Amino acid sequence: MAFPKKMCGVLLNGHGGPDMLEWRDDLPVPVPGKKDVIVRVGAAGVNNTDINTRTAWYSKGEAEADDATWSGTPLSFPRIQGADVCGEIVAVGAEVEATRIGERVLIEPCIREANGATLEMSWYFGSECDGGFAQYTKVAARHAHAINCDLTDVELASFPCSYSTAENMLTRANVGAVDTVLVTGASGGVGSATVQLAQARGAQVIAVTSAAKAETLLGLGAIRTLDRGADLVAALGANSVDVAIDLVAGPQWPSLLDVLRPGGRYAVAGAIGGPIVELDVRTLYLKDLSFFGCTVLEPQVFSNLVGRIEREEIKPLVAETYPLRSIATAQQAFSEKGYIGKIVLDLAKM
């Protein structure tokens with residue numbers, strides 16, 4: 001199959017604001033290495049990682065520090081971002097079966113192989129390597145997961161980053177049907193995914209959200225919602241939940257440990273309320289709590305997620321769609337948090 005040598009896409013030219021994003025129509029289409037596939041991107045979701053990487057939020061020092069990606073390594077520019085990708089394989093490398101051409105795929109955002117080699121430290125798609133904010137993208141074949149379902153590309157692009165992050169936290173915390181799970185930031189992409197995925201495991205889910213979004217989260221499977229500003233101990237009681245899935249951190253963080261039962265588990269993959277928290281270490285060891293910092297996906301997580309999608313155990317939540325050229329507007333809408341679910345860029349609309 002012949003396809004163009006040039007493509008449209010969005011370059012990130014440096015750390016900073018939306019002005020660092022540049023629309024281009026003359027980018028080279030990537031060429032596959034021997035273990036790679038080329039994917040024609042159908043849709044790509046917007047997520048926190050793209051914005052945090054652009055703004056150097058991950059850096060613990062200055063904005064231009066050498067630890068400004070989630071893995072703590074320098075980011076090279078220009079970069080094509082975009083971790084949430086659904087598309088179709090249109091070309092393969094020499095060591096990949098040609099029968100894969102034509103497969104519709106979801107790209108696993110946390111990758112362990114690139115440029116034909118196993119990575120010492122996992123990369124994030126669209127961060128340490130180019131991602132999906134372009135018409136075509138390249139990825140190791142093992143990270144392009146075939147998916148068979150009736151959902152659209154836009155709907156499928158809402159899954160990879162948020163739902164795999166949620167499934168990874170639930171996997172690390174070993175959530176099961178006997179557990180009561182408290183989810184902070186429950187109306188966002190990862191939070192709403194966590195509500196669905198925990199409910200699919202049979203757990204009882206309590207969602208922390210705003211009053212305006214409570215009804216939707218109850219519809220997704222939460223048994224109860226709490227307002228973001230609620231006193232968790234007063235509302236739930238001390239030692240009342242088995243697992244806390246946290247995407248917020250911030251000033252209320254100590255109360256999450258107070259409501260955990262002895263032997264409880266705390267898993268975190270975000271800090272939108274503020275990354276610096278106060279920990280009374282006595283609470284940690286006297287209650288025998290387990291902490292899980294969750295970034296790199298466990299090996300089975302993404303394939304398990306694809307299975308849940310195909311079995312219709314979870315459903316997509318697409319709040320808004322934008323053409324790729326409107327990425328800055330889409331990211332602004334994302335930052336305002338006035339929605340439930342995901343914002344997705346539709347590459348059928350440039």
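Determine the pairs where a residue that is acidic (Asp, Glu), located within the stretch 320-334, has a partner that is open to solvent by less than 10 Å² (accessible area, probe 1.4 Å) with Cβ atoms under 7 Å apart, the partner being 6 or more residues away or on another chain. Correct list of pairs: 320/343. Could you please let me know if residue 302 is under 15 Å from the mean Cα position of the chain (by Cα), surrounded by 17 or more Cβ atoms within 10 Å (Cβ to Cβ) and at pLDDT 95 or above? Yes. Taken over the stretch 145-164, the criterion of being touching a helix residue (DSSP H, G or I) at 6+ places or on another chain (Cβ under 7 Å) and open to solvent by less than 30 Å² (accessible area, probe 1.4 Å) is satisfied by 147, 159, 161, 162, 163, 164.
Within the stretch 113-139, being open to solvent by less than 50 Å² (accessible area, probe 1.4 Å) and of a type in the set (S, T, N, Q) holds for 122, 127, 137. For first residues located in the stretch 73-89 and free of Cβ contacts under 8 Å to residues at least 12 places away in the same chain, partners that are open to solvent by less than 20 Å² (accessible area, probe 1.4 Å) and lie 6+ apart or on another chain with Cβ distances below 8 Å form the pairs 74/68. When the stretch 327-347 is limited to residues that are surrounded by fewer than 17 Cβ atoms within 10 Å (Cβ to Cβ) and among the polar types (S, T, N, Q), the one that is farthest from residue 7 (Cα to Cα) turns out to be 335. Scan the stretch 288-311 for residues that are out of contact with any Gly (no Cβ under 6 Å at 6 or more places or on another chain), in contact (Cβ under 8 Å) with a residue 24 or more places away in the chain and assigned to a loop (DSSP other than H, G, I, E, B) and jot them down. Within the stretch 288-311, 294, 295, 296, 297, 298, 300 meet the criteria.
Filtered by the rule that a residue be closer than 23 Å to residue 257 by Cβ, free of Cβ contacts under 8 Å to residues at least 40 places away in the same chain and either touching a Lys or Arg at 6+ places or on another chain (Cβ under 9 Å) or surrounded by 19 or more Cβ atoms within 10 Å (Cβ to Cβ) (or both), the stretch 212-234 gives 222, 225, 226.
The values are calculated or read from the model by the stated rules, or taken from the named source; none is laboratory data. Only a predicted model underlies this, so the values are computations on that prediction, with no experimental measurement involved. Counting neighbours? That spans all protein chains shown, and the Cβs are built from the backbone with ideal geometry, glycine included. Just the protein is used for accessible areas: all its heavy atoms, side chains included, with ligands, DNA and RNA removed. Shrake-Rupley method; radii C 1.70, N 1.55, O 1.52, S 1.80 Å.
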